[in-house]
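A short worksheet on the structure shown next.
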Amino acid sequence: MSKRQLPVTDLANSATLPVEARWSMLERKQDFVPPHSLEPTRRNIAMLLGVTDPLFPDHPRPSKDEIIATFEQTLPKGGKRAQRDREQNLLRARALLDFGETSVARAAIEHHKSFAVAENTYIRTADPLVLEVDGRPCIPSTDFRKSGALTRRGLDFVFSLNFHMIVDYDPAFSDFDLVHLNYWQDKEGAVGITPEFHAGEPVFSYDDLNTMIRETLDIWDAIVAGRRKKSKDEDDGFWFGETA
């Protein structure tokens, strides 16, 4: 297992492709630092969707302004990178708040079973929540990317994995639907969340998913190892060239 982890969205999109196309897609994926981090939104999704403090279940839900003020305290401060992080996370936070206010009747924290690929290494495609969305009990997953978001087949992958790891695994969730929350932003700057439900049978079997995941991670490990070797060889060549 490489130390350069493959993001779940990229794993889902690539694992559903034929092997040659999988290699091609992953080889095009460059090692780079994204222009902003959405980790604050992911860490605080429960608060943004309206999960109340379990110690005070009857306490009124805070206002949007109060939640945003609390959320802003988790965001980085200072510098251009921090400013981009703040802007992008606040856009998604407001979209989640609006969606929670209009569509989520109830929300609670629930840590779901994850797919183990190695010791202390897991794939998590469901958010640690249960929601009641438009009257339906749901287990959510989310995608906050504007580019490189889940493809149709990638979404089938996520729904299938969540079905096998949660709905089919735990009788407590046998009547729950799966819902994927897609973030969108239009040219005029409006933002929002669109839910997509899945209540049927999974597209991929558990055995298929197991094979797809392990093959894809093996490919990614080989690509990362090849890049490291190339980088080391180039560094060594540059060093000897300087001393010649």
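The values are calculated or read from the model by the stated rules, or taken from the named source; none is laboratory data. None of the values given here were measured: they were computed from a predicted structure. Every residue, glycine as well, gets a Cβ built from its backbone with ideal geometry; the counts of neighbours run over all protein chains shown.
A compact table of results
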{"read-out": "Number of the condition not met by Y122 [criteria: (1) part of a helix (DSSP H, G or I); (2) touching a Ser or Thr at 6+ places or on another chain (Cβ under 8 Å)]", "value": "(1)"}
{"read-out": "Residues within the range 86-119 that are in a strand (DSSP E or B) and aromatic (F, W, Y), tallied", "value": "1"}
{"read-out": "Residue tally, condition surrounded by 14 or more Cβ atoms within 10 Å (Cβ to Cβ) and hydroxyl-bearing (S, T, Y), over the range 177-232", "value": "3"}
{"read-out": "In the range 133-142, the residues that are of a type outside the set (S, T, Y) and surrounded by 15 or more Cβ atoms within 10 Å (Cβ to Cβ)", "value": "V133, R136, P137, C138, I139, P140"}
{"read-out": "Among residues of the range 145-158, those that are over 24 Å from D98 (Cα atoms) and either free of Cβ contacts under 8 Å to residues at least 12 places away in the same chain or part of a helix (DSSP H, G or I) (or both), counted", "value": "6"}
{"read-out": "Subset of the range 131-157 (residues that are touching a helix residue (DSSP H, G or I) at 6+ places or on another chain (Cβ under 8 Å), at pLDDT 90 or above and of a type in the set (A, V, I, L, M))", "value": "V133, I139, L150, L155"}
{"read-out": "Which listed residue is touching a strand residue (DSSP E or B) at 6+ places or on another chain (Cβ under 6 Å), in contact (Cβ under 8 Å) with a residue 60 or more places away in the chain and of a type in the set (A, V, I, L, M), from V191, V179, V130", "value": "V191"}
{"read-out": "Matching residues in the range 97-127 - criterion: being within 18 Å of I193 (Cα to Cα), touching a strand residue (DSSP E or B) at 6+ places or on another chain (Cβ under 6 Å) and surrounded by 15 or more Cβ atoms within 10 Å (Cβ to Cβ)", "value": "F99, S103, V104, A107, T125, A126, D127"}
{"read-out": "Number of the condition not met by E196 [criteria: (1) touching a residue at least 60 places away in the same chain (Cβ under 8 Å); (2) in contact with a His (Cβ under 9 Å, 6 or more places away or on another chain); (3) under 26 Å from L96 (Cα atoms)]", "value": "(1)"}
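Table: residues versus (1) of a type outside the set (K, R); (2) modelled with pLDDT under 95; (3) not in a loop (DSSP other than H, G, I, E, B).
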residue	(1), (2), (3)
V179	yes, no, yes
Y183	yes, yes, yes
F204	yes, no, no
N210	yes, no, yes
T216	yes, no, yes
I223	yes, yes, yes
R227	no, yes, yes
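Matching residues to (1) touching a helix residue (DSSP H, G or I) at 6+ places or on another chain (Cβ under 8 Å); (2) at pLDDT below 90; (3) not hydrophobic (A, V, I, L, M, F, W, C):
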position	(1), (2), (3)
P35	yes, yes, yes
E39	no, no, yes
L55	no, yes, no
I68	yes, no, no
E72	yes, no, yes
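Table: residues versus (1) over 26 Å from Q5 (Cβ atoms); (2) of a type in the set (D, E, K, R).
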position: T102; (1), (2): yes, no
position: E119; (1), (2): no, yes
position: R124; (1), (2): no, yes
position: P137; (1), (2): yes, no
position: S147; (1), (2): no, no
position: S160; (1), (2): no, no
